[in-house]
């Protein structure tokens with residue numbers, strides 16, 4: 001897959017990536033909008049929901065964007081929650 005390179009091997013300067021992202025977004029949006037604006041009423045609402053879900057799922061699978069890796073969070077301290085509960089009960 002072409003998008004499997006690690007993020008550290010990016011060759012695009014971050015400031016150049018901003019307008020590039022806008023151009024790529026516009027190129028993707030034009031055909032999607034052409035299809036979506038043909039729908040009316042409830043079909044338009046459901047269609048836009050489906051398109052948003054498809055793009056969300058596609059983005060979650062691209063490893064360069066961190067897809068599939070998950071986010072590791074440290075567990076919340078139980079004493080913190082006890083303190084919050086005790087303040088609410090006083």
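The values are calculated or read from the model by the stated rules, or taken from the named source; none is laboratory data. Predicted model, so just to flag it, every value in this text is computed and none were measured. So basically every Cβ, Gly included, is an ideal-geometry build from the backbone, and we count neighbours across all protein chains shown.
Please go through the range 1-30 and pick out each residue that is surrounded by 10 or more Cβ atoms within 10 Å (Cβ to Cβ), part of a helix (DSSP H, G or I) and either in contact with a helix residue (DSSP H, G or I) (Cβ under 9 Å, 6 or more places away or on another chain) or at pLDDT below 90 (or both).
Selection gives 28 alone.
Looking only at the range 31-44, which residues are part of a helix (DSSP H, G or I) and surrounded by 10 or more Cβ atoms within 10 Å (Cβ to Cβ)?
32, 33, 35, 36, 43, 44, listed by residue number.
Among what's in the range 45-75 and is in a loop (DSSP other than H, G, I, E, B) and either exposed (fewer than 10 other Cβ atoms within 10 Å of the Cβ) or at pLDDT 95 or above (or both), pick the residue that is farthest from the chain's Cα centre (by Cα).
75
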